[in-house]
Amino acid sequence: MKKVYIPMVANHIHHGHIDVIKRASSLGELTVGLLTDSVFSYGKELIPTDYEKRKSLVRHLKGVENVIPQESLECDFNLKNVRPHYFLQGDIKDWFNQDSLESHKNIPNILKEWGGQIIDSAFMHDKFYYSPQRGCTTSNERLGKLRKLLDSKSLIRVLEVHSALTGLIAEELEIKAEGNTQEFDAMWSSSLTDSISKGKPDIEVVDLTSRTITINNIFEVTTKPLIFDADTGGMPEHFAFTVKTLERLGVSAVIIEDKTGLKKNSLFGNDVLQTQASIEEFSHKIQVGKKSQITYDFMIIARIESLILEKGMEDALCRALAYISAGADGIMIHSREREPGEILEFCRKYKTFDKKVPLVVVPTSYNKIFEHQLIEAGVQVVIYANHMLRASYPNMLAVAKSILENGRSAECEHMCMSINDILTLIPENR
Ligand code: SPV
Ligand code: MG
């Protein structure tokens, strides 16, 4: 009996899988190398179901004799063990990217050792099977992505978004650095930038309905997970509804800050009157939120304002302990110092906690800190909280001013993207 090997993700089983399995099993005894979660659990193509669940589906498909884990994009290890006569490869560009092609480069030489053959399963090239569509995901799938990322990456990099266009930047921008692809993992719906882009101050005056309109616009064109800034969360009774609304939309996490009364932006610090909630009051709000959520995946992250309000490190640590006990799924520690000293001190002490949850930071003022330093400190989520809006406004203002000053737009042309670039900016237009 000849042996056949196919690597497979089997994320969503469709007739493309059935066709290729049919063809492979007609050649001999078929072993499927099922890619494990850690191989794929980054970027946009997160596996929504875990390995065991995918395995239980694949091994019941007609024609599949064995399912074994494939622990990397390279099939080399499994091929050497299985020694198949035939290796079926689909269009791996569609699974992933250029890295996938790289990962298959040794296969011909490996197969040569025992006279194995590559069969190009041409019908897998049919885009119909694998066309990843922009902004194409379900609420549930998106919601679960943040926890999966936390399980698989040392640092989740989050970019502020306040519109579909900024969402597209977070979704699509990729750069190659030292051979690795760098991208944003998730999006931050900032109360500051959502309010300011609606011409309103950051004082919880933009209501949830308006905030969800922004989210829906963003969700229509993206697939990455989103963390929502819900300010103080409002009254606990109201927060219970906010959690349900966000969860239904497919938001992955909400962050609420331990302030009470009229909320002002934290970066004002004590220059304006800001009141911190009591530990009991805020813990109660966390508990109400946790009771209200339906899925396991949704996260409620507690944001501690003690350093912002100069209440001291001990107060911040004591609150972290209390909020974790109340059920918080993450802790955000905020600072408006220009140096990262107090944040790093908090992180050092946080490391000694018996029970820890992911730690989130927002290095807006202490912006010289590198991501690798945050990873060393034990931070798991870094939010670049307002940069898209802060970047765009000065340029828009300068262009508008130039038109007024010159009575025409020629002088500011160099400050604008070309018409061709804007026409082709949206992928559907390309
Ligand atoms: C926001 O982006 O709205 C935040 C972070 O809450 S900060 O502005 O730093 O308070
Ligand atoms: Mg905010």
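Residue count for region 67-85, restricted to those that are farther than 18 Å from Asn11 by Cβ and either at pLDDT 95 or above or part of a helix (DSSP H, G or I) (or both): 10. Tyr393 passes every criterion in (1) surrounded by fewer than 14 Cβ atoms within 10 Å (Cβ to Cβ); (2) within 24 Å of the chain's Cα centre (by Cα); (3) within 16 Å of ligand 1 (Cβ to nearest atom) apart from (2). Within region 97-113, restricting attention to residues that are modelled with pLDDT under 75 and in contact with a Leu (Cβ under 7 Å, 6 or more places away or on another chain), the residue that is nearest to Gly179 (Cα to Cα) is Asp99.
A single member of Val158, Val206 is closer than 20 Å to Ala385 by Cα, open to solvent by 10 Å² or more (accessible area, probe 1.4 Å) and within 16 Å of ligand 2 (Cβ to nearest atom), and it is Val206. Against the criterion of being in contact with a Ser or Thr (Cβ under 8 Å, 6 or more places away or on another chain), surrounded by 15 or more Cβ atoms within 10 Å (Cβ to Cβ), at pLDDT 90 or above and at positive phi, Gly135 does not qualify.
Across region 165-178, what is the total count of residues that are open to solvent by 60 Å² or more (accessible area, probe 1.4 Å) and not in a helix (DSSP H, G or I)? The total comes to 5. Only one of the listed residues (Thr193, Thr181) is of a type in the set (S, T, N, Q), crowded, with 19+ Cβ neighbours inside 10 Å, on the phi < 0 side of the Ramachandran plot and in the same structural domain as Glu257 (by TED's automatic domain parsing). That residue is Thr193.
Scanning region 343-368 for residues that are surrounded by 14 or more Cβ atoms within 10 Å (Cβ to Cβ) and within 15 Å of ligand 1 (Cβ to nearest atom) returns Ile343, Val360, Val361, Val362, Pro363, Thr364, Ser365, Tyr366. In region 390-430, how many are at pLDDT below 95, assigned to a helix (DSSP H, G or I) and of a type in the set (D, E, K, R)? Of the residues in that region, 2 qualify.
Residues of region 1-32 that are assigned to a loop (DSSP other than H, G, I, E, B) and either of a type in the set (Ser, Thr, Tyr) or more than 19 Å from Leu111 (Cβ to Cβ) (or both): Val9, Ala10, Asn11, His12, Ile13, His14, Ser26. When Leu249, Leu192, Leu226 are checked against the criterion of being within 18 Å of Val161 (Cβ to Cβ), at pLDDT 95 or above and away from ligand 1 (no atom under 15 Å from the Cβ), a single residue qualifies: Leu249.
Scanning region 297-322 for residues that are away from ligand 1 (no atom under 16 Å from the Cβ) and touching a residue at least 60 places away in the same chain (Cβ under 8 Å) yields Asp297, Phe298, Met299, Arg319.
Taking the stated definitions as given, is Lys285 within 27 Å of Arg142 (Cα to Cα) and basic (Lys, Arg)? Here the answer is yes, as Lys285 does meet what is asked. Listed conditions (1) in a helix (DSSP H, G or I); (2) at pLDDT below 90; (3) open to solvent by 20 Å² or more (accessible area, probe 1.4 Å); (4) farther than 30 Å from Gln182 by Cβ are all met by Lys55, apart from (2).
The set of residues in region 236-265 being open to solvent by 10 Å² or more (accessible area, probe 1.4 Å), assigned to a loop (DSSP other than H, G, I, E, B) and not polar (S, T, N, Q) consists of Gly261, Leu262, Lys264.
Here Gly250 meets each of (1) within 16 Å of ligand 2 (Cβ to nearest atom); (2) among the small types (Gly, Ala, Ser); (3) more than 18 Å from Asp194 (Cα to Cα) with one exception, condition (1). I'd like to check something: does region 314-324 contain any residue that is modelled with pLDDT of 95 or more, crowded, with 18+ Cβ neighbours inside 10 Å and assigned to a loop (DSSP other than H, G, I, E, B)? No, region 314-324 contains no residue that is modelled with pLDDT of 95 or more, crowded, with 18+ Cβ neighbours inside 10 Å and assigned to a loop (DSSP other than H, G, I, E, B).
Any residue in region 375-383 that is within 16 Å of ligand 1 (Cβ to nearest atom), open to solvent by 10 Å² or more (accessible area, probe 1.4 Å), within 20 Å of the chain's Cα centre (by Cα) and modelled with pLDDT of 95 or more? No; the residues of region 375-383 include none that is within 16 Å of ligand 1 (Cβ to nearest atom), open to solvent by 10 Å² or more (accessible area, probe 1.4 Å), within 20 Å of the chain's Cα centre (by Cα) and modelled with pLDDT of 95 or more.
When restricted to residues that are surrounded by fewer than 22 Cβ atoms within 10 Å (Cβ to Cβ) and out of contact with any helix residue (DSSP H, G or I) (no Cβ under 7 Å at 6 or more places or on another chain), region 275-307 contains 9.
The values are calculated or read from the model by the stated rules, or taken from the named source; none is laboratory data. Computed from a prediction, not measured in an experiment: that's the story for all the values here. Neighbour counts are summed over all protein chains in view; Cβ atoms, including those assigned to glycine, are modelled from backbone coordinates with ideal geometry. Accessible surface areas use protein heavy atoms only, side chains included; no ligands, DNA or RNA. Shrake-Rupley method; radii C 1.70, N 1.55, O 1.52, S 1.80 Å.
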